[in-house]
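In what follows, a single structure is set out as structure tokens and then discussed.
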Amino acid sequence: MNVAIIGTGIMGNAHSNAWRNAPRYFAMNQKPVLKVACGRNAAKLRTFANNWGWEETDTDWRRVVIRDDIDIVDITTPTHLHHDIAVAAAQNGKHILCEKPLARTIKEAVAMADVADSAQVVHYLNHNYRRVPAIRLAKEIIANGDLGEPYHWRSAYLQDWASSGAVPLRWQFRKDTAGGGSHFDLNSHSIDLSRYLVGEIDSVMAMMTTFVGERPYPMRRDENPSSNRSLGKVTVDDAALVIAAFDNGALGSFETSRFALGRKNHSTFEIYGSKGSLSYNQDHPNEIRFFNGDDPSHSQGFRTIPATYSGLQRDMNDWWPFGKTVSYGDEFHLAIYDFITAIETGGEIEPNFHDGVKGLEVLVAAVTSASTGREVSIHQDVTSSD
């Protein structure tokens, strides 16, 4: 199956690595072919394509998505381009893999899901952390009833790359191109995992702030590095704190920041239930911590469970022998395998664009709460026009 990737940044590298190597690990009847890479900068695009082995390049995604020889379109662009590319790809019968968050607005996301469904193509939203073996193990433990009734979800996703005011006004700092700041970027992952593990969210209250209100515009290639650069306004949040009520009665909290010095990609969550508790720390991605409330009092305590040992893990059986660890890039390989399998079988893959819509409803509700100072109901206050 011929793949076209649109976007050549960090996620373009991660996806290319997975497209190239997934067939080397998994038995795939339909093998992906790295057919064409698409980006705006022709020189950068050629370097990208040569590095990963893409056969062709093009600087216009509109030409790419109508090609008869393209079966799959992989979208790794800034968020404001997701809607137009995905809609055009679906209308031309292409299966679609898209980076998160799905879109800038609920209206865009709903349109993407509706068109993809109408075209009967497989659509996947890349919340890659769902495929971390330790998180899959957490899902199994919860499904087995070992946590009992869920009471609390507590998460944090922290980075520090934006903490200097010298970082230029990239697309991630503009609402028109990103949709939101750290909340959209990082909390989208945590919200997706909470939905995956605990359940749907009923209402939210939130506070958000921007620590650096202006940033220098990115330097042009012909610009003198020593010249004074003009400043532009940051129109998204740098940090957010969201509290939530779930449909099943559980309470949750979501903390995120791009100003947490020393935290490069620090993601954690804890779930507390009526029978037990578990926690996950992305700094230790091959294990979870589990407390069993049914243990006798003399042996109670959190214990570390290596996900790589677990007989519950189909991912580990297909990936590496038991006991071998996995890392960040491996999650993308597993996603590609599941994506191709869904195409082969005529099935579905999760999370898909409908999950993206539901996640965006929570993201938008939290933004509304932060701006109005009130609790916002997902089911009553949020609409597709937002």
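Structure notes:
- Output for the range 1-13, where each listed residue is in contact (Cβ under 8 Å) with a residue 24 or more places away in the chain and surrounded by fewer than 19 Cβ atoms within 10 Å (Cβ to Cβ): 1, 2, 9, 13
- One residue stands out in the range 266-275 among those that are surrounded by 18 or more Cβ atoms within 10 Å (Cβ to Cβ) and within 11 Å of residue 138 (Cβ to Cβ): the one that is farthest from the chain's Cα centre (by Cα), namely 271.
- Remark: pairs (first residue in the range 24-37, open to solvent by 100 Å² or more (accessible area, probe 1.4 Å); second residue in a loop (DSSP other than H, G, I, E, B); Cβ separation under 8 Å; 6+ apart in sequence or on different chains) = 31/1.
- Checked against (1) of a type outside the set (A, V, I, L, M, F, W, C); (2) more than 21 Å from residue 173 (Cα to Cα); (3) open to solvent by 60 Å² or more (accessible area, probe 1.4 Å), residue 263 meets all criteria but (2).
- Index of the failed condition, residue 169 passing every other in (1) in a helix (DSSP H, G or I); (2) crowded, with 19+ Cβ neighbours inside 10 Å: (1)
- Single unsatisfied condition, residue 41 versus (1) more than 20 Å from residue 170 (Cβ to Cβ); (2) surrounded by fewer than 13 Cβ atoms within 10 Å (Cβ to Cβ): (1)
- The condition of being over 16 Å from residue 195 (Cβ atoms), in a helix (DSSP H, G or I) and over 16 Å from the mean Cα position of the chain (by Cα) holds for only one of 117, 146, that being 117.
- Candidate set from the range 338-360 (those that are open to solvent by 50 Å² or more (accessible area, probe 1.4 Å) and either assigned to a helix (DSSP H, G or I) or touching a residue at least 40 places away in the same chain (Cβ under 8 Å) (or both)); member that is farthest from residue 26 (Cα to Cα): 358
Residue-wise test of (1) assigned to a loop (DSSP other than H, G, I, E, B); (2) under 21 Å from residue 19 (Cα atoms); (3) open to solvent by less than 40 Å² (accessible area, probe 1.4 Å); (4) touching a Phe, Trp or Tyr at 6+ places or on another chain (Cβ under 9 Å).
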{"site": "57", "(1), (2), (3), (4)": "no, yes, no, yes"}
{"site": "62", "(1), (2), (3), (4)": "no, no, no, no"}
{"site": "77", "(1), (2), (3), (4)": "yes, yes, yes, yes"}
{"site": "87", "(1), (2), (3), (4)": "no, no, yes, no"}
{"site": "102", "(1), (2), (3), (4)": "yes, yes, yes, yes"}
{"site": "121", "(1), (2), (3), (4)": "yes, yes, yes, no"}
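- Of residues in the range 287-315 being out of contact with any Lys or Arg (no Cβ under 8 Å at 6 or more places or on another chain) and open to solvent by less than 30 Å² (accessible area, probe 1.4 Å), the one modelled with the lowest pLDDT: 310
- Scanning the range 123-147 for residues that are touching a strand residue (DSSP E or B) at 6+ places or on another chain (Cβ under 7 Å) and open to solvent by 30 Å² or more (accessible area, probe 1.4 Å) gives a single hit, 146.
The values are calculated or read from the model by the stated rules, or taken from the named source; none is laboratory data. Everything numeric here is computed off the predicted structure, so don't read it as measured data. Every residue, glycine as well, gets a Cβ built from its backbone with ideal geometry; the counts of neighbours run over all protein chains shown. Only protein heavy atoms, including side chains, enter the accessible area calculation; ligands, DNA and RNA are left aside. Shrake-Rupley method; radii C 1.70, N 1.55, O 1.52, S 1.80 Å.
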